[in-house]
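Structure first, commentary second.
The values are calculated or read from the model by the stated rules, or taken from the named source; none is laboratory data. Everything numeric here is computed off the predicted structure, so don't read it as measured data. FYI the Cβ positions are ideal-geometry reconstructions off the backbone, even for glycines, and counts take in every protein chain you see.
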Amino acid sequence: MYIFKSITDEIKSTKLVFNHYSRPKRLVVAGLFASIAAILQAAGGFLPVLGYFISPFATAPILFCAILSLPLGTMAYFLTTFMLLILQPSELLVFPFTTGLLGLGTGVAFYCFNKRLTIIAVGAAFLSLGILSLLYVFTFPVLGPVVSGSFSLLTASAIFLFSFIYNWIWVDIGLLLFKRLKKTISL
């Protein structure tokens, strides 16, 4: 079945090639990914309607960087957060707990696991924890007035189900874009 398939060896071979790059070159790649993620996330504040459709794509640069190198992916995640402090402070709570955490969590799952279902579940758990933290720890209404301020198991389950489906889409998009990126830049 499709969801139980193992991820191809292309990612592992690409990681090996990327690790043979010099340290400055790897840092530049991580900085470039962080800059792209910051610009995409800040689009929600700069372009009022269109930007909200662009900002979810801030997950992709963090995901790609974390797939290539987990330490550099983590660095890109924190660097993007600091850049958002300057570019768009209103996105400072949203990125670290939603789009950025999804990219980092899925990248960690790609790094540690091989099965598609496990990768999707781990990324969904990261995103769910981030959304639940925003809702119930920081009381930030990330889902609007639809969700009440008190914890509900039904709401948490619905958030995890949404996160699972959303991350499934991101894993498939990430693999497709990763293969095209690999062909484009000849990693």
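A Cβ distance below 9 Å, combined with a sequence gap of six or more or placement on separate chains, defines the contacts here; from the stretch 87-114, residues that are not aromatic (Phe, Trp, Tyr) reach residues that are not in a helix (DSSP H, G or I) in the pairs LEU93/PHE138; LEU93/PHE140; LEU93/VAL142; VAL94/PHE140; VAL94/VAL142; THR98/VAL142; ASN114/SER6; ASN114/ILE7. Residues in the stretch 82-94 include none that are more than 18 Å from ILE169 (Cα to Cα), crowded, with 24+ Cβ neighbours inside 10 Å and in contact with a Lys or Arg (Cβ under 8 Å, 6 or more places away or on another chain).
Out of the helices (runs of 4 or more DSSP H) lying entirely within the stretch 58-116, which hold 3 or more residues that are over 13 Å from the mean Cα position of the chain (by Cα), at pLDDT 90 or above and not charged (D, E, K, R)? Of the helices (runs of 4 or more DSSP H) lying wholly inside the stretch 58-116, those with at least 3 residues that are over 13 Å from the mean Cα position of the chain (by Cα), at pLDDT 90 or above and not charged (D, E, K, R) span 70-87. Across the stretch 33-81, the number of residues qualifying as under 27 Å from LEU16 (Cα atoms) and without any contact (Cβ under 8 Å) to a residue 12 or more places away in the chain comes to 2.
Looking only at residues that are in a helix (DSSP H, G or I) and farther than 22 Å from GLY107 by Cα in the stretch 33-52, which one is farthest from the chain's Cα centre (by Cα)? Residue satisfying both the conditions and the ranking: PHE46. Restricted to the stretch 22-40, and to residues there that are among the aliphatic types (A, V, I, L, M) and under 24 Å from SER90 (Cα atoms), the residue that is surrounded by the fewest Cβ atoms within 10 Å (Cβ to Cβ) is LEU32. Each residue in the stretch 6-55 was checked for being of a type in the set (A, V, I, L, M) and closer than 17 Å to ALA66 by Cβ, and 14 pass. So which residues in the stretch 123-155 are surrounded by 16 or more Cβ atoms within 10 Å (Cβ to Cβ), among the hydrophobic types (A, V, I, L, M, F, W, C) and not in a loop (DSSP other than H, G, I, E, B), if there are any at all? The answer is ALA124, ALA125, PHE126, LEU127, LEU129, ILE131, LEU132, LEU134, LEU135.
Residues that are farther than 21 Å from LEU175 by Cα and crowded, with 21+ Cβ neighbours inside 10 Å within the stretch 44-76 comprise just one, GLY44.
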